[in-house]
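Here's the structure we're looking at; comments come further down.
Here, each number is a calculation from the coordinates, and none is a lab measurement. The shown structure was predicted, so the numbers you read here are calculated from the model rather than taken from an experiment. Please note: Cβ atoms are built from the backbone with ideal geometry, for glycine as well, and neighbour counts cover all protein chains shown.
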Amino acid sequence: MKLTKILEEVMSEIGDTSNVETYKYSKNEVGADYDEEVYKMEFTTESDTNYVVVIHKIDRNEDGNWRMDLEFGIENESEGAFPPSYDYKSVVNKGEMYKVMATVVQITKKEVEISKQRNQPIKMIRIEPSKNFENDTRRANLYMAYIKKNMPAGSKIEVSPDLKQIEIILPKQN
């Protein structure tokens with residue numbers, strides 16, 4: 001098999017979460033009022049890296065559609081720091097990326113479904129990929145691979161020219 005064919009197959013699999021085991025996570029409500037809810041999901045990988053996924057659900061306007069702002073990162077190494085702080089820029093590189101990303105996708109899908117059941121349909125998901133240097137597109141490219149493979153049919157993806165923000169407009173939920 002030619003190297004280009006192998007690379008094409010590997011690249012087409014990035015973002016596919018169908019056969020990837022996910023981490024178990026805990027969910028905590030951080031805050032809520034009538035037009036915003038904040039949740040924190042935490043999980044630990046086999047290499048003892050502690051991840052956090054923070055979701056802000058915001059009532060965008062009076063049409064009943066909500067926006068979900070999504071961010072995730074790792075707990076800083078400060079042993080015993082309270083409250084813990086999180087780093088959204090570090091590259092961990094411990095071979096757990098696919099399982100971590102599959103867990104983030106699972107969390108996102110579940111939270112969209114929970115919002116739908118609570119009559120708070122998510123119309124938009126917004127992600128702001130962090131950068132480690134000027135013109136760093138690694139995270140944006142990785143996130144786009146997962147977004148394209150996992151968002152419902154009919155979703156529209158809008159990306160800012162500088163790749164600082166990705167917005168996924170979800171189709172109307174029934």
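Quick notes
- Rounded FRET efficiency, nearest 0.05, which uses the C-beta distance separating LYS164 from ASP59 and R0 of 30 Å: 0.80
- Applying 1/(1 + (r/R0)^6) with r as the Cβ-Cβ distance of ALA145 and ALA32 and R0 = 30 angstrom yields a FRET efficiency of 0.40.
- Amide H contacts of THR17 (H built 1.01 Å from N, in plane; Pro and chain starts excluded): no residue 5 or more places away or on another chain comes under 5 Å.
- Set LYS109/LYS131; LYS94/LYS116; LYS94/LYS123 screened for pairs whose C-alpha atoms are more than 32 Å apart: LYS94/LYS116; LYS94/LYS123
- Karplus-derived 3J(HN,Hα) values for segment 17-32, using 6.51 cos²θ - 1.76 cosθ + 1.60 with θ = phi - 60°, are 9, 4, 10, 10, 5, 10, 7, 6, 9, 10, 10, 10, 7, 8, x, 7 Hz; glycine and proline are entered as x.
- Separation of the ASN50 and GLU21 label points, Cα + 7 Å toward Cβ, nm: 2.3 nm
- Computed lengthening from ASP136 to ILE157, 0.36 nm per intervening residue step minus Cα-Cα distance: 5.6 nm
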